[in-house]
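First the structure, in the form of structure tokens, and then the observations on it.
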Amino acid sequence: MTFRSLGLGLALAAALTVPAFADGVSNAGFETGDLTDWTFTDGFVDVVTGADDAVVTPPFGQHFDPTEGDYFARLTAGSDDSDFSAYTLLSQAFELTAASRLTGDAAFLAFDSLPYNDDAFVRIFDGTSYHLLFASNVAAVGDFGHTPWTGFAFGRLEAGAYVLEAGVRDGLDFGASSQLLLDNIQITTLGVPEPASWALLIAGFATVGTALRRRRTIA
């Protein structure tokens, strides 16, 4: 394999690919330490470095650290004590110029017990309908239970305008307010080779370049 062939492989590989990260969600990992670029319910959404579930007696509960970086968003239910159906909300409108995949992590911490069925969700609105990415409630995790950090994904978002929205609601009683945690939101352009694929692609182009050079030499 010659340096010329390797250079040809690199150039062709670069020409056939696109950047790994598309335009999309800003401050997606909350690494500014605040809620810059997000729309949120004042007083009930914050950015934290850690959180704990509701279990305060042995064997104690679970501590949640960020899944990436130093921060994550925490939504606390109970945005309006006069309307138990109101969700604490965190959202951001964004646009994509190429087909992409959206991923992220969420966790639900129940600070309540049945029949007060606090619930939470993460979803995408595409201008026509909502697509649910994550959902949980007290009935699913048990009284004062929780989910672990749970990865979610939307496999293919076409170019266009979207809204990413997360919410948590207090079920019937105001005071025992459950939480939704959100972190590590990433939008990746589809069609980008993985690192192993890059190596195979470059090696393939280099091999073709070497073969063409040999044929020219023989001729």
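FYI, it's all coordinate maths here, none of it is from the lab. Everything numeric in this text was worked out from a predicted model, so none of it was measured. We place every Cβ from the backbone using ideal geometry, glycine too, and count neighbours over all the protein chains shown.
List of remarks:
- The range 181-191 - phi-based ³J(HN,Hα) in whole Hz, Karplus 6.51/-1.76/1.60, Gly and Pro as x: 9, 9, 7, 6, 6, 9, 10, 10, 5, 6, x
- Estimated vicinal HN-Hα couplings, Hz - the range 43-54 in sequence order (Karplus 6.51, -1.76, 1.60; Gly, Pro = x): x, 10, 10, 9, 10, 10, 9, x, 8, 10, 7, 7
- In plain terms, the chain from Trp149 to Thr39 could stretch by 37.3 nm, reckoned as 0.36 nm per residue minus the Cα-Cα distance.
- In a reduced charge model with +1 at each Lys and Arg Cβ and -1 at each Asp and Glu Cβ, the range 28-192 shows a dipole moment near 580 debye about its Cα centre.
- Förster radius 35 Å - calculated FRET efficiency between Arg156 and Leu114, Cβ distance, rounded to 0.05: 0.40
- Rel. contact order, % - alpha carbon contacts under 8 angstrom, at least six apart, the range 28-192: 32 percent
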